[in-house]
Amino acid sequence: MRRPLPEAVRQAVVEVAAEVIGALPLDDVPAPLRRFARFERRKRAKLAGQHIAAALEKDPGFRRRVAEPLRDGQADLVAAVEDRDVPPAADPVRVAVLAYLLRPEGWTELVESAREELERSATASEEEAAERRVAALKAELAAARTARAAEVDRLRAELRETKAEVADLRRKLHEARTRFRAAEERAAAAAAEAERSLAEARESTAASEKELRKLRARAAQAEAAAEAAKRAAREGRNVEDVRLRMLLDTLVDAAQGVRRELALPSTIERPADAVGALEPDRQAHRALPGRALSDSDPQLLDRLLTLPRVHLVVDGYNVTKTGYGELPLSDQRTRLLSGLGGLAAQTRAEVTCVFDGAELDAPVAIAAPRGVRVLFSRPGQTADELIGELVRAEPQGRAVVVVSSDREVADSARRANARPCPSTLLLRRLGRS
């Protein structure tokens, strides 16, 4: 073809192919389109439109499979297109779709005929719309002229009444000038004196007001600076207090855990320590859990969950789509949160599950289990970015575990001194529970 398909024909071809993809076996779907096969039809046509169009143009076998349902559902029109005997009343878009998919001899001429018919229809619609606009404008112009004539008549009547009132006011003004001329002469001397006094008072008042404005501006600036300083100090103190308290609790729990692991005495020396006797061999203390284990070690997550006050951050959709991606998103969230609730109750770890808000068509209400914090990323933010903010918000020294099989998320967590853990280990741990 010398030109691309008309947009209406291209959209119709993509919708037909999107409908057929959902019914084809996965092996019959071209490789670039298989990841869209599970999508809903309208979403598939919207997101995979360019890929579908490219596959139809390059893959004759796929094009024939798309055309097969049309042979059964529109047999008469298919026969007419293949015989190049299209009825005059046939829909040009449908004829062009069949011609493009079936590719009979001279199919490009049928597509070009459809293009010309669509352009004629568009031109006719534009002419009709223009005629309607012209008629509406003529009606508005006639109404405006009528209203203008009425307004002119009303203004002329008001002008006559105003002229009469002006003449009466001029007469009264002349009489008033005659009566007050003498009084003005008597008041001239007093007015001059009063003007001098008023000028002096105005100068004094202006100087006072200027000084008052300066003082008020300085006072406002001082109050604003004081309030900003108080607010900054209060906010900084609150944030630092929370981080310091969290780090202190973590250190206390870690010290208690090490003390239990090494069986350290509560005092340096006790009276019984002075009594001579044979003591049993002590077990060598173990390294901190998970420090020397690889990411694929099945015991990694169990060891990490024994850390004191550990914070488990879960990449929600990465875990659910790894374990049970065939379920709807709502069922995926429910199943994962149910398992995390049991895990939080068993380990007493702080658990935060993060989902990508872009996957949602609208806000959803979720009843989070006890001990599990559920967060959705804000518009314009990805779940990976929200996980990074959670990790960076923790104080240095606290144990943070990020569960995700995404390489970028794992690398970002490792750079922030958090321990990454694959999603498969969490799924295996939840399966045991």
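Numbers at a glance
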quantity	calculated
Residues within segment 300-326 that are open to solvent by 40 Å² or more (accessible area, probe 1.4 Å), over 22 Å from residue 398 (Cβ atoms) and assigned to a loop (DSSP other than H, G, I, E, B), tallied	1
Members of segment 9-30 that are in a helix (DSSP H, G or I), open to solvent by 10 Å² or more (accessible area, probe 1.4 Å) and either modelled with pLDDT under 75 or on the phi > 0 side of the Ramachandran plot (or both)	10, 19, 20, 26, 27, 28
Segment 327-347, residues that are basic (Lys, Arg) and open to solvent by 40 Å² or more (accessible area, probe 1.4 Å)	335
Test: residue in segment 35-53 that is more than 30 Å from the chain's Cα centre (by Cα) and either β-branched (Val, Ile, Thr) or surrounded by fewer than 18 Cβ atoms within 10 Å (Cβ to Cβ) (or both)	no
Any pair with Cβ under 7 angstrom, 6 or more apart, that starts in segment 388-417 at a residue that is surrounded by fewer than 13 Cβ atoms within 10 Å (Cβ to Cβ) and ends at one that is acidic (Asp, Glu)	408/384
Entirely in segment 339-433, the strands (runs of 3 or more DSSP E) that have 2 or more residues that are touching a Pro at 6+ places or on another chain (Cβ under 8 Å)	400-403
Residue check, residue 239 surrounded by 10 or more Cβ atoms within 10 Å (Cβ to Cβ), modelled with pLDDT of 65 or more, out of contact with any Leu (no Cβ under 8 Å at 6 or more places or on another chain) and under 23 Å from residue 349 (Cα atoms)	yes
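The values are calculated or read from the model by the stated rules, or taken from the named source; none is laboratory data. Nothing here was measured: the structure is a model prediction, and the numbers come from that model. For neighbour counting, all protein chains shown are included, and Cβ atoms are generated from backbone atoms with ideal geometry for every residue, glycine included. The area values use the complete protein model at the heavy-atom level, side chains included, leaving out ligands, DNA and RNA. Shrake-Rupley method; radii C 1.70, N 1.55, O 1.52, S 1.80 Å.
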